[in-house]
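Taking it in order: structure first as structure tokens, then the write-up.
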Amino acid sequence: MELGLHTFADVDPAAADRGREGERRLRELLEEIELADRVGLDVFGIGEHHRPDYAASAPAVILAAAAARTKSIRLSSSVTVLSSDDPVRVFQQYATLDLLSNGRAEIMAGRGSFIESFPLFGYDLEDYDKLFEEKLELLLAINDSEKVSWSGETRPPIPGLGVYPRPLHGRLPIWIAVGGTPQSIVRAAVHGLPLALAIIGGTPARYAPLFDLYREAASRAGRDLSTLKTSINVHGFVADTFAAAADQFFGPQTAVMNRIGAERGWGPTSRAQFDLSTGPEGHLFLGDPETVAAKIVAHHRLFRNDRFVLQMAIGLMPHEQVMRGIELYGTKVAPLVRAALAGSAPEI
């Protein structure tokens, strides 16, 4: 199973100097990606957002900078809001990233959990589903063929034109990211695309039937199940002790969730609710290395997932704490998980 990290490059939305705040966060983010590569993690993703609390409106640019400072780690969007972007430019950007990184780029496409990009780029939310379906179709066509003939309702047609550059190995890995909508899961299955499932609330076990749906739909569509991959993307944090992880993560993570919750009508989160979420059945993968590794392994048995992606740098987490968390994740958690899944270590 691949083990990775992702982030939205959170910044302080109340910062007086937005330029200086963005520079700080992106500088620190590149250090975090470089460390993740150095300690042997498999993938790092950056999610696209167009809000004052995030600095990653152009993930491909950040990932290109990271490509020059890393050697092995896969570099992914997490996610690309395909509905409000141009698939031609998305492909060109990530094909370029792929060449710069010696074949380590991938796209994780989604409809997006925020809507700011739609009015920003002139799209109507009433076309939410159609935009994604057509643009995904075009992106896959570009990935499959150098010369593309395509027509639809959401952008001008392409009359047999070439799209360049091409990726190092001919095609880019393209994942579909979902938040639990069955329609989106079935779409990924029918296209034979890898599926990333975000779990940021509730009990993770209740999401397991969605992977069953994915595999069943893929089988009915005639897809080879052995070639399909799945990922769970979650919130969590690793520190030297469980108490330190909880104390360090509670404030920043809760501030983010409460801010988003105020926009969407959720109630605020208390420390008691947070602590409940850190238990074996909760959605936060948090604690000392042994605790986090045991939880990852337990949920792998439940989901049979091929990838596990952790969002640790959420909110205004201090950089030094994030760096220590990445170090522990790569040097302590990852070896425990890999040994357990390989059957070369006792139960953890």
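Here are the numbers for this structure:
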quantity	calculated
Qualifying residue in the range 292-311 (condition: part of a loop (DSSP other than H, G, I, E, B), touching a strand residue (DSSP E or B) at 6+ places or on another chain (Cβ under 6 Å) and touching a residue at least 40 places away in the same chain (Cβ under 8 Å))	yes
Options 286, 213; residue that is free of Cβ contacts under 8 Å to residues at least 40 places away in the same chain and either surrounded by 13 or more Cβ atoms within 10 Å (Cβ to Cβ) or assigned to a strand (DSSP E or B) (or both)	213
Positions within the range 36-54 being open to solvent by 30 Å² or more (accessible area, probe 1.4 Å) and acidic (Asp, Glu), in sequence order	42
The range 232-250: number of residues that are closer than 30 Å to residue 195 by Cα and part of a helix (DSSP H, G or I)	4
Residue that is least open to solvent (accessible area, probe 1.4 Å), among those in the range 269-283 that are more than 21 Å from the chain's Cα centre (by Cα) and in contact (Cβ under 8 Å) with a residue 12 or more places away in the chain	274
Condition met for residue 264 (open to solvent by less than 10 Å² (accessible area, probe 1.4 Å), charged (D, E, K, R) and under 30 Å from residue 188 (Cβ atoms))	no
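The values are calculated or read from the model by the stated rules, or taken from the named source; none is laboratory data. This one's a predicted model, so the numbers in the text were calculated from it and none came from an experiment. Using ideal geometry, Cβ is built from the backbone for each residue, glycine included, and neighbour counts are taken over all protein chains shown. Please note that ligands, DNA and RNA were not included when accessible areas were found on the heavy atoms of the full protein model with its side chains. Shrake-Rupley method; radii C 1.70, N 1.55, O 1.52, S 1.80 Å.
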